[in-house]
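Trainee: Have a look at this one.
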Amino acid sequence: MPIPLRRTLAAFAVLAALTATGCAGRSDQGTTGADPGCPAGQQCGPATPSTSGGTDPAARAAELVGRLTDEDLVGQVLMPYAYGNSATKVTAGSAAGNKALAGVETPAEMIAKYRLGGLILVGFSADDPTGKNQVTTNVDNPAQVHELTGGLQAAGAQLPAGAAPLLIGTDQEFGVVTRIGNGVTVLPSAMAFGAAADPALTESAWQAAGTELAALGINVDFAPDADVLGAQSTVIGSRSFGDDPKATSAQVAAAVRGLQGAGVAATLKHFPGHGHTAADSHDNLPVLAQDRAALDAGDLPPFTAGIAAGAGLVMSGHLDVTAIDPGTSATFSHKVLTDLLRGELGFKGVVVSDGMNMAPAEVYPPGEAAVRAINAGNDLLLMPPNVTQAYDGLLAAVRAGTLPRTRLVEAATRVLTLKFTLAGRPAPAMSTLDSAAHREAARRVATASVTALRGTCAEAAVRGPVTVTASNGREKTAAALTSALTAAGVQVVPQGGTVVHLVGYGDAAADLNAAAGVTVAMDTPFLLESAKSPVLLATYSSSTVSMAALADVLAGKARPTGHSPVPVTGLSRASCTA
């Protein structure tokens, strides 16, 4: 039987003792490769399968780490991105990108050269607030992603640490941060889940999403967002479940249980909480000015709940936490990551950095930044801006003693423990993608999330024909709503009747339609305070399933009984209460 992910924390609990007894292997251990392509003095090919440790992930990790070289250990704590839609066949442009990033042409060569612990799949969309560090995209369609992940795992299997699968991750938060949107079940945003306020629905929907990620060969999701929204932030916004720590905690824990029930490791981000700052950590270092009591009461509870639910990873944020370590990014703060997260909160799993190609991390050269981040308590470094420099910097620091080898061993052991925890679970069939059962799980959440902030339940149902309008660039979403309204029996006309106007991420007051009888917010609902429509609705998401749920409300087939997870000046959090 495979090890259930709910036992991840139990596996990590014995890690410290195991790393202290036999994990401090020397850099000259291992067998030199016999094939002519293996450089002299290097260990090539997978290490000899473990003969001890049984099925316990931490024991297997410790035994394997004890046989790895320093070069192997350094590679295990790196998780870069790569250019190209295939592991081994890339375009000339992708080859050039990989050469600049890592001195190789393909993702498979990058894994082999740097003995990587994993790879993150990247991509972006027009409404993505994280797009600034998504310099390429290698997610196109399910068949392509499945082929890519299979090729990456084949490359990883040839490493000395190849007994443990690669960590292949992506940011599939849904809402504005959705890396894979074609051919899969797309859930509403986190804020929509907060509006639905039903953890059972949340767990079911996220288990459906996790099952599809696992079918694609992705075993780590950099979700859910555990930030409690205390500011009108555009970088967090609808990625948060809401402004209430208790309600957010319940949602975060449910999402973790759902993902990990499907065999995909969940990641809590952005520790210790990005929601109380409006600044964007892609551009600069946001300052968290709240005192320790406010941090404990307002930011940390969802992380505590997610840890208790068994989350495999916690992502450190590029955040200046003045109550803990003023002037230092949490990414590089031993006080935040080791004393607070490890010591006070008792987290035993993998601490993963936010993108090391973001501005607050790039204040140091890639090699120095990598060393500082590992010394602070990160176990896995995402998206170094230069893989060669990060790898060489870590290796040189171990040899010089500025990065204690015990710290590197500890980090690599945690990474490998997670890998062995994920290993051995059969991948779901590709036929599970966008299945009827999964679509139904998403539909139930989307329907429960639609919120009326102005107007009664009865007023939300339109009478007569409808004209759908939208802010610029949202023609595709307007077309999706038009199609859903038509299917629901509502006549849609080019002009006349009730105007239903859609606004979304990044829109401002100038994007509102003064003639609209109904204005709908498809991201955070804050813009609705400026809208004059007699009926104001929020879906918190522009996904197809959210537009279908909206159509049911407008057609009178469903009531907008959601509850806004954030306050909007002058408006009710739920004006339809019947």
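The values are calculated or read from the model by the stated rules, or taken from the named source; none is laboratory data. This is a predicted model, so every value here is computed, not measured. Here the Cβ is made from the backbone with ideal geometry for all residues, glycine too, and neighbour counts use every protein chain on show. The accessibility values were calculated without ligands, DNA or RNA, using every heavy atom of the protein model including side chains. Shrake-Rupley method; radii C 1.70, N 1.55, O 1.52, S 1.80 Å.
Trainee: For residues that are open to solvent by 30 Å² or more (accessible area, probe 1.4 Å) and on the phi < 0 side of the Ramachandran plot, scanning just the range 408-425, find the one that is modelled with the lowest pLDDT.
Mentor: 425
Trainee: Exactly one of (1) surrounded by 21 or more Cβ atoms within 10 Å (Cβ to Cβ); (2) over 18 Å from residue 382 (Cα atoms); (3) hydrophobic (A, V, I, L, M, F, W, C); (4) touching a strand residue (DSSP E or B) at 6+ places or on another chain (Cβ under 8 Å) is unmet by residue 315. Its number?
Mentor: The single condition residue 315 does not satisfy is (2).
Trainee: Still on this model: With (1) out of contact with any Gly (no Cβ under 7 Å at 6 or more places or on another chain); (2) open to solvent by 10 Å² or more (accessible area, probe 1.4 Å) as the list, and residue 320 as the residue in question, which single condition is left unmet?
Mentor: Going through the list (1) out of contact with any Gly (no Cβ under 7 Å at 6 or more places or on another chain); (2) open to solvent by 10 Å² or more (accessible area, probe 1.4 Å), residue 320 breaks only (1).
Trainee: Can you say whether residue 147 is more than 21 Å from residue 353 (Cα to Cα), surrounded by fewer than 22 Cβ atoms within 10 Å (Cβ to Cβ) and touching a residue at least 24 places away in the same chain (Cβ under 8 Å), as far as the supplied structure shows?
Mentor: yes
Trainee: Mind listing just one residue for me: the one in the range 467-477 that is within 26 Å of residue 563 (Cβ to Cβ) and not in a strand (DSSP E or B) and, of those, modelled with the highest pLDDT?
Mentor: Checked the range 467-477; the qualifying residue modelled with the highest pLDDT is 477.
Trainee: Just need a number here: residues in the range 426-443 that are among the basic types (Lys, Arg) and either touching a strand residue (DSSP E or B) at 6+ places or on another chain (Cβ under 8 Å) or surrounded by fewer than 18 Cβ atoms within 10 Å (Cβ to Cβ) (or both).
Mentor: Of the residues in that region, 1 qualify.
Trainee: What is the residue count in the range 484-520 for residues that are more than 12 Å from residue 465 (Cα to Cα), in a strand (DSSP E or B) and touching a residue at least 24 places away in the same chain (Cβ under 8 Å)?
Mentor: Count: 5.
Trainee: So, one more: Within the range 240-251, which residues are under 13 Å from residue 273 (Cα atoms) and either of a type in the set (A, V, I, L, M, F, W, C) or touching a Pro at 6+ places or on another chain (Cβ under 6 Å) (or both)?
Mentor: Hits for the range 240-251 are 241, 242, 245, 248, 249.
Trainee: Mind listing whichever residues of the range 444-466 are assigned to a strand (DSSP E or B) and open to solvent by 10 Å² or more (accessible area, probe 1.4 Å)?
Mentor: Hit for the range 444-466 is 454, nothing else.
Trainee: May I ask you to list the residues in the range 467-482 that are open to solvent by 70 Å² or more (accessible area, probe 1.4 Å) and touching a residue at least 24 places away in the same chain (Cβ under 8 Å)?
Mentor: Result: 472, single match.
Trainee: Now a separate question. Which of the residues spanning the range 205-232 are under 19 Å from residue 305 (Cα atoms) and not aliphatic (A, V, I, L, M)?
Mentor: 206, 207, 221, 222, 224, 225, 227, 230 - these are the residues of the range 205-232 that are under 19 Å from residue 305 (Cα atoms) and not aliphatic (A, V, I, L, M).
Trainee: Another one. Taking the condition of being under 12 Å from residue 272 (Cα atoms), in a loop (DSSP other than H, G, I, E, B) and either of a type in the set (Gly, Ala, Ser) or modelled with pLDDT of 95 or more (or both), how many residues in the range 288-313 meet it?
Mentor: Count: 2.
Trainee: Can you confirm whether the range 528-535 contains a residue that is open to solvent by less than 30 Å² (accessible area, probe 1.4 Å), out of contact with any His (no Cβ under 7 Å at 6 or more places or on another chain) and in a helix (DSSP H, G or I)?
Mentor: Yes; the residues of the range 528-535 include at least one that is open to solvent by less than 30 Å² (accessible area, probe 1.4 Å), out of contact with any His (no Cβ under 7 Å at 6 or more places or on another chain) and in a helix (DSSP H, G or I).
Trainee: Name the residue that is farthest from the chain's Cα centre (by Cα), counting only residues in the range 439-489 that are closer than 27 Å to residue 577 by Cα and among the acidic types (Asp, Glu).
Mentor: 459
Trainee: Please state which of the following conditions residue 329 fails to meet, knowing it meets all the rest: (1) open to solvent by 30 Å² or more (accessible area, probe 1.4 Å); (2) closer than 17 Å to residue 284 by Cβ; (3) not charged (D, E, K, R).
Mentor: Failing condition for residue 329: (1).
Trainee: When you scan the range 423-443, how many residues do you find that are small (Gly, Ala, Ser) and outside any helix (DSSP H, G or I)?
Mentor: 5
Listed here are the residues, each with its yes/no results for (1) within 20 Å of the chain's Cα centre (by Cα); (2) closer than 18 Å to residue 272 by Cα.
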site: 322; (1), (2): no, yes
site: 371; (1), (2): no, no
site: 383; (1), (2): yes, no
site: 389; (1), (2): no, no
site: 394; (1), (2): no, no
site: 410; (1), (2): no, no
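Trainee: How many residues, within the range 493-531, are touching a strand residue (DSSP E or B) at 6+ places or on another chain (Cβ under 8 Å) and farther than 18 Å from residue 238 by Cα?
Mentor: 17
Trainee: In the range 347-365, what residues are at pLDDT 95 or above and open to solvent by 30 Å² or more (accessible area, probe 1.4 Å)?
Mentor: 348, 364, 365
Trainee: Taking only the range 314-326 into account, find how many residues are hydroxyl-bearing (Ser, Thr, Tyr) and either in contact with a helix residue (DSSP H, G or I) (Cβ under 6 Å, 6 or more places away or on another chain) or not in a loop (DSSP other than H, G, I, E, B) (or both).
Mentor: 1
Trainee: Listed residues 112, 87, 108, 102; which is in contact with a Ser or Thr (Cβ under 9 Å, 6 or more places away or on another chain), surrounded by fewer than 24 Cβ atoms within 10 Å (Cβ to Cβ) and modelled with pLDDT of 95 or more?
Mentor: Testing whether each residue is in contact with a Ser or Thr (Cβ under 9 Å, 6 or more places away or on another chain), surrounded by fewer than 24 Cβ atoms within 10 Å (Cβ to Cβ) and modelled with pLDDT of 95 or more leaves just 108.
Trainee: Here's something else I'd like to know. When residues of the range 490-546 are filtered for being within 26 Å of the chain's Cα centre (by Cα), aliphatic (A, V, I, L, M) and closer than 18 Å to residue 457 by Cα, how many remain?
Mentor: Number of matching residues: 2.
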